[in-house]
Amino acid sequence: MSAHDLKTRLRTRDLRTGPKTRGTKLLLRAGLLTVLALGATFLLDPYRNYQLATSAGVFAAVAGLTLLVGLTGQLSLGHAVLMAAGGYGYALTATWVAGTLAGADGEVADGVVGWLLPLLAGVAGALVTAGVLGLLLGLAAARLRGPYLAGLTLALVIALPSVASTIPALSGAQGVSAPFVPVPDALSALIAVEQWHAWLAILVTACAVTPLVALRSGRAGLRMRAVHDDETASRLAGVDPGRVKTGAFVISSLAAGLGGVVLAIVTQQVSPGAYGLGFSLLLVVAAVVGGLGSLGGAAIGAVLVTVLPWVVDQATAGLPADLSHRLQGNLEIVLFGVVVIVVTILWPGGLSRLLQTTKFFRNTKLFQNTER
Amino acid sequence: MRTTRSMSTVAVLGLAAATALSACSTPAAAEVPGVTDDKVVIGTHQPLTGPAAAGFASISAATAAYFEHVNANGGIHGRQIEYVVKDDGYNPANTQTVVRELVQEEEVFAIVNGLGTPTHSSVLDYLDQNGVPDLFVASGSLTWNQPDKYPNTFGFNADYVTEGAALAQHAVDTDPDAVVCVLGQDDDFGEGILQGVELVVGDGEVATNQTYSTADQDVTAQLGAMKEAGCTHNVLGTINGFTALAVGTAAQMEWFPKWHVSSSGADYPTLVEYLGEEGTPALEGLVSVNYLPNSPSSEWYELFSEINEEYNDGAPYTGNTTYGMSVGYQFAEALAAAGENPTRESIVAAVESGELVGNGIAPLTFSADDHFAHRTVRIAVVADGMQDFTDTAYEVSESGAAPVEPEQAPLENEGIPATE
């Protein structure tokens, strides 16, 4: 689009549908989907709920990543580190707050305050650490292009174990533990701990993803697309590419940080081993398979990368011990490769594009991606 | 607004279904998980792949072979033992996933011999919250001995403090002028060994304490500092690879002090493999400790070799084989003592009762206040290319290491615990 075209669109964007009604509609839809997801946890057994909670955490990170890659074209291979930053931020802050609360009256504080305050403080801590790291990376990202940014973020992932063992507070390969969030007394007769953690995971993920939806369909999203398409044109239209790119990176990091919070709540542990290179690349796989720029696609991709290793494990369980040991950990990597190749050949826009062609999802924007 | 309408229809349907099926995830009190009339299912997490696999993958195979031997002889209380081994690649993140799979999917009765300090630490709370017996953890970290906090967790190894104290005491006993130094891994392992050594020589009396990280490529700087400090006896809290590296590096410096090595890094066949033909003479006289019947002269060793031939495809017999089978024996003994209808509570009570004997070089010391079993370790020395026990053993308590007579637990009934 030409610079003039863009200028007009930026100006008239909000006139087509009032911002207020759009906001309300978005919140309503987000609320509905959240309630739906919470209801769905009743259908699942504890292990399935654990998998759901894990996918929710991965979803938050992939959603941030898909927005970054799909809209601004910045390829980050290091989103696992941003998740880890969120996880460490959560674990350290929550543990500290829980310790302070316990210190005041001598024993671990009971009731809602005992877990809710550390939880909220932990989330705030996670947003700060992931946000700061994201800002630093974003500042670099505004000046780096394609492979250089990918290289920088890749180096971060590889450096994580050394960083964790160099900084004493992160306690090396063993990692730090996050406080356990128990089921509230009022609910303890109704739901098991895995379901409760799935609820928390869904709520945190909803808080991470909803702003992304708003951003994507709003003015900011348009600016990101403009910068992606043609930096000169967008500069002429009064859009500062550096700021847009940095901003996109920070927002994407915040979502990834919240994803890290979810995993820390569910597993009560943050360790560098959980956020290795393999996992970081899987996040990219999830974004690509789902369809770059599509948040619905990110959800599909997140579920896929969580469930596929388990399926492989189940499938190889019947094989002779020696053979299945050889396959364990390797077969799923091969499978992911195959999935990426098949999806990009058959549906270049990712699985979201496929779903969008089905009748039911045609009218929702959730599965729209930015592939043209 | 077709979308919104179809969405709400889905939502209503979903919620209706949810309420109908709400029993699925609710906490249920059922019979004992993993125990049926003819079977007991237990699980473990082990490094079958990844960097630690080379050193430890053979342990669970040996344990499984021992259970096959028990099952072929009728099992315990008529129940077959089913041992589900999950690979965690020595990565705490994988451990969390596979242990949840074991507890929730496989519904195991207990976790037995979960391997590794960083890995197992990450599931301690989870196992505690779910009341799963966490028996005989494969690590000597003091973390496992917190009966107040983790009432269901028990260690298997002799703890690192015990080993460090015995190794240092032996150094002082054999040479009153010994200058004792420590080289340890930069985690619980090295710290535990140092703590044990200081128990014997006194706080701050260690001539120099050097550490390494498993990511290090060499230990030249550390050994240089130790040589400089005039060490005569080096106590090592190192894994096999770094024991070999330390001994080899010192030999290159033409420095031949006494080596006193923890059981976790003193498997002679493995060290020989690391050092090769030329380096092997440097291992002569290497002192180590052990608490299991890992000596060709032991009748347990003979039985385990037979089981290894029959049920483990004749895999090479190493210290890991003795270790894995001893774990199996100790669990079988606990299960036998847990009564005809074992429950999670009864097996924990059985271990805490102090009646388990084990197959080690001294009776097990489990009690309600002590969740470690091996407080006595026996000195083994490499002589003429053979590593075997000497007659010296030490019992370690808070006051230090005292020499005792080793009291090898006898072998009865083909190595299958009796069930009265």
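Values for this structure:
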| item | result |
| --- | --- |
| Translational diffusion of region B:285-345, µm² s⁻¹ [Kirkwood Rh, Cα pairs; Stokes-Einstein; 25 °C; 0.890 mPa s] | 185 µm²/s |
| Solvent-accessible surface (1.4 angstrom probe) belonging to B:H233, in square angstrom, nearest 10 | 10 Å² |
| For region B:72-97 versus region B:325-381, the gap between their alpha-carbon centres in whole angstrom | 18 Å |
| Euclidean distance between Cα centres, region A:167-232 to region B:164-214, Å | 46 Å |
| Extended-chain gain in nm, criterion 0.36 nm per residue less alpha-carbon gap, B:A383 and B:T36 | 119.9 nm |
| At q = 0.28 Å⁻¹, base-10 log of I(q)/I(0) for region B:98-164 (Debye sum, equal scatterers on each alpha carbon) | -1.33 |
| Total charge dipole magnitude, the protein assembly as shown, about the Cα centre, Cβ charges on Lys, Arg, Asp, Glu only, Debye to nearest 20 | 8460 debye |
| MRE, 222 nm, helices only [DSSP H, n ≥ 4, -39500 (n - 2.57), over the protein assembly as shown, to nearest 500] | -18000 deg cm²/dmol |
| Kirkwood-based shape ratio for region A:3-275, expressed as Rg/Rh from alpha carbons | 1.02 |
| Residue mean of other protein chain beta carbons inside 10 Å, A:36-46 | 6 |
| Tail weight of P(r) past 20 Å, computed on alpha-carbon pairs of region B:284-403, percent | 51 percent |
| Per-residue SASA entry for B:S346, accessible area with 1.4 Å probe, Å² rounded to 10 | 30 Å² |
| Highest-first arrangement of B:57-65, A:40-48, where packing means the average Cβ count within 10 Å | B:57-65, A:40-48 |
| Per-residue mean of C-beta atoms belonging to partner chains within 10 Å, peptide B:100-110 | 3 |
| Efficiency of FRET from Cβ geometry, B:E205 and B:V404, R₀ 22 Å, rounded to 0.05 | 0.35 |
| Kyte-Doolittle mean at least -0.5 and Cα axial length at least 18 Å: DSSP H helices in chain A | A:19-40, A:46-67, A:79-105, A:111-141, A:146-166, A:193-217, A:241-267, A:277-290, A:295-316, A:331-346 |
| For chain B, the Rg and Dmax computed from alpha carbons only, in angstrom | 23.7, 91 |
| Shielding by partners - mean other protein chain Cβ count within 10 Å, residues of A:263-276 | 5 |
| Gained length - B:Q217 relative to B:N413, 0.36 nm times residue gap less alpha-carbon distance | 65.7 nm |
| Inter-part distance where region B:117-145 and region A:62-76 are each reduced to a Cα centre, Å | 40 Å |
| Spacing of the two label points (7 Å from each Cα toward its C-beta) at B:S397 and A:S188, in nm | 4.1 nm |
| Options A:Q195, A:H228, A:F249, ranked by Cα towards positive dipole end of region A:177-310, top entry (Cβ charges) | A:H228 |
| Region B:91-216: mean projected area of Cα convex hull, nm² | 8.8 nm² |
| Unit charges on C-beta of K, R, D, E only; dipole of region B:160-290, Debye | 120 debye |
| Mean shadow area of region B:160-290 over all directions, Cα convex hull, nm² | 7.0 nm² |
| Two-site label geometry, B:E228 and A:R22: point separation in nm, points 7 Å out along Cα→Cβ | 6.7 nm |
| Segments A:85-92, A:27-34 sorted - mean Cβ within 10 Å per residue, highest first | A:85-92, A:27-34 |
| With all protein chains modelled, accessible area of A:L117 [1.4 Å, Å²] | 80 Å² |
| Viscosity 0.890 mPa s, temperature 25 °C, Stokes-Einstein D of the protein assembly as shown from Kirkwood C-alpha radius, µm²/s | 86 µm²/s |
| Whole-number D in µm² s⁻¹ for region A:22-79, Kirkwood Cα-pair radius fed into Stokes-Einstein, 20 °C, 1.002 mPa s | 159 µm²/s |
| Chain A: most fluctuating residue of A:P118, A:P182, A:P320 per GNM, C-alpha cutoff 10 Å | A:P320 |
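The values are calculated or read from the model by the stated rules, or taken from the named source; none is laboratory data. Remember, predicted model here, so these are calculated numbers, not experimental data. All Cβ positions, even for glycine, are placed from backbone atoms using ideal geometry, and neighbour counts span all protein chains on display. What goes into the accessible areas is simple: the full protein's heavy atoms, side chains included, and nothing from ligands, DNA or RNA. Shrake-Rupley method; radii C 1.70, N 1.55, O 1.52, S 1.80 Å.
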